[in-house]
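Read through the structure below, which is laid out as structure tokens, and then see the notes.
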């Protein structure tokens, strides 16, 4: 729990100072070894092609088309006019499957999401954005 708070705090500081974001993201990647373990069967079995997932925040649900490869993924909204790009990673450590991803658009909007896998079709977690908004999210099929 403490590691998640430290990583999230580091990422939020990077967003607050804009130009530091790439440096702080690298720090997160370099420190990820602390929670990485052998890839779970779930991560290895995710389709290499696109999958459509739903994301719910503030009681609104949207579809995201996700393309995954080797534990990393990227995606975009499906069927709505929004230029946001999602980039993230699946991590496994100490028996838990975790997810973290960033949503960003061309207007300088960023949202950071961190969550845990509840089952193979559901992740739950928290998100924070560059406008000061935050809440819980569900990412599910």
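Laboratory data are not the source of any read-out in this text; all were calculated from the coordinates shown. All values derive from a computational prediction rather than experimental measurement. Backbone-built Cβ (ideal geometry, glycine too); neighbour counts: all protein chains shown.
From the gyration tensor of the Cα coordinates in region 38-140, what semi-axes in whole Å does the equivalent ellipsoid have, largest first, with each one equal to sqrt(5λ)?
In descending order, the three semi-axes are 22, 15, 12 Å.
I want to check the label-to-label distance for residue 141 and residue 56. Put each point 7 Å from Cα in the C-beta direction and report it in nm to one decimal.
About 1.8 nm, to one decimal.
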